[in-house]
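Structure, as C-alpha cells:
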Amino acid sequence: GLTVVNRLNIEEYLYSVVPAEMPCTWPPAALEAQAVAARTYTITNLGRYESRGFDLLSSVLSAYYPGIRSEDASTRAAVDATRGLILTYNDRPVTAVYSANSAGFTESSREVWNFDHSYLRPVPDKELPPEISAYMTPEVLARWLKERPLTNSSNPAYSARAAYRWQLWVPRRELEERLARAGAKEIGEIISLTTAGRGPSGRVKEVRIRGTAGEHRIIGDVIRSRLGGLRSNLFVVEPKLGPDGLPEFFIFTGGGWGHGVGMCQSGAAGMAAAGYSCREILDHYYPGTDLTKRY
C-alpha cells in the first residue's frame, strides 16, 4: 500500500491546527495561548509515529489537522505572534494538554492518567468563591455542580451551556449493554452504581457497579465513555428506581467537557476577555513552567 505524508514546518502546521482546536473568533490572547500549547504538544510528540514514516497523525490522536481550508487570519496572527515559543519545565518541553471546559477547576495528570507532572496540577478558576476549594465535601460538591457559578470557564460568549454544567439520564439497560460490549464479566442486572475516590477537583477516580450476579469496577478517564458518554468525570450520580425496585435510570449531574487537565480552553477565552495576557493564561493553567523561545 501507500502512505501519503504531508510535509510542512511546525508553524504552517499550526496555521491549521489552532483554528481546528479553538474558534478563530475568540480573543487574541486565548488564541496565542492555544498556539503555544499546541506548538509545545507538537514538539513533545515529534517522532511518535517514526516507525510508520511520519511524525504525527492528522486526527485528534495527535492534534486535529484539517489542512489549509481551516486557516484564518486571526489564528495565523496568533501563531506568528508566538513563533517558536513553547512551554518548558527544567528546560524540557512539557506535556501541554488541554480540554474544552474544566467546569471551573482543573485536575492533576496523576489523578486522571496516573503520571505526575507538577505543572499539571489542580487549578481553581480565578473567579471561584473561597468555599470552592480542593477536596470539597460531598454536600459542597453536589451543590456546586447543580449551580452555575460565574467563572472564566462559564463566560457565555466562549462556553456552551451544556459544556459547563450538564445532566444526563442513562437507562440501566443501556449501561448493562455498554458493559457487555466492553467485555465486562457478567454481572446481571445492575443494583447500584457508586463512586469511590475523587481527585482534588472532585473528578471521580473509580466507579463500582454491583449487579445481581457480580460486581464490576471502572477506573480512570474511561469512566466517562463507559457510562453512556458523560462529558467528564466530574459528576454526582443518583438512581431513579423503577416499579420492580431496581434502578430504571441513573441521573448524572456534572460539569465540564473533557479530561480537565491543563488549559481549559473556555477558561482561557474568559480570562482573555477579562484582560489577562497570553503569558498570564499559560502561567495560570501550567504553573511553574517557563515560556521559552526555541527557534
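The values are calculated or read from the model by the stated rules, or taken from the named source; none is laboratory data. The structure displayed is predicted, hence computed values, not measured ones. We place every Cβ from the backbone using ideal geometry, glycine too, and count neighbours over all the protein chains shown. Ligands, DNA and RNA are excluded from the accessible area calculation, which covers all protein heavy atoms including side chains. Shrake-Rupley method; radii C 1.70, N 1.55, O 1.52, S 1.80 Å.
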* Asked: Can you give the accessible area per residue of region 1-55, in Å², using a 1.4 Å probe?
  -> 51
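List, in the order given, every pair from Lys126/Lys240; Lys205/Lys293; Lys205/Lys240 whose Cα-Cα distance in the structure shown is over 27 Å.
Pairs exceeding the cut-off: Lys126/Lys240; Lys205/Lys293.
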* Asked: Taking amide H positions as placed 1.01 Å from N in the peptide plane, with prolines and chain starts having none, which residues 5 or more places from Gly262, or on another chain, fall under 5 Å of its amide H?
  -> Glu107
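Share of Cα-Cα pairs in region 169-262 beyond 16 Å, in percent?
Summing the P(r) tail past 16 Å for region 169-262 gives 51 percent.
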* Asked: On average, how much accessible surface per residue is there in region 148-238, in Å², for a 1.4 Å probe, leaving out ligands, DNA and RNA?
  -> 48
* Derived scalar couplings ³J(HN,Hα) [region 97-113; Karplus, 6.51 cos²θ - 1.76 cosθ + 1.60; whole Hz; x for Gly, Pro] -> 6, 7, 9, 5, 8, 8, 6, x, 7, 7, 10, 7, 5, 5, 6, 8, 10
* Please work out which option in (i) 224; (ii) 135; (iii) 151 gives volume of the Cα convex hull per residue in Å³ calculated from these coordinates, and answer with its label. => (iii)
* To do: With springs connecting C-alpha atoms under 10 Å apart, model the chain as a Gaussian network and identify which of Glu11, Glu139, Glu111 has the largest mean-square fluctuation.
  => Glu139
* Asked: What number comes out for the charge environment of Ala63, summing +1 per Lys or Arg and -1 per Asp or Glu over other residues with Cβ under 12 Å away?
  -> 0
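With a probe of 1.4 Å, find how much accessible area region 61-141 has per residue, and write the answer as a whole number in Å².
In whole numbers, region 61-141 has 50 Å² accessible per residue.
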* Asked: Which distance in Å, rounded to a whole number, links the C-alpha centroids of region 15-70 and region 137-169?
  -> 28
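Within the accessible area of region 138-295, what % is carbon and sulfur when the probe is 1.4 Å and the other protein chains stay in place?
Roughly 51 percent, rounded to a whole number.
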* To do: Using θ = phi - 60° and the Karplus relation 6.51 cos²θ - 1.76 cosθ + 1.60, list the HN-Hα couplings for region 126-140 in order, rounded to whole Hz, with x at every Gly or Pro.
  => 5, 9, 5, x, x, 6, 8, 9, 4, 6, 4, 5, x, 5, 5
* Considering the chain as a Gaussian network with a 10 Å cut-off on Cα pairs, which listed residue, Pro27, Pro130, Pro156, attains the greatest mean-square fluctuation? -> Pro130
* Roughly how many percent of the accessible protein surface of region 1-102 is carbon and sulfur, given a 1.4 Å probe and a whole-percent answer? -> 50
* For the chain, built as a Gaussian network whose Cα springs stay under 10 Å, the top-fluctuating residue of Ile187, Ile86, Ile281 -> Ile187
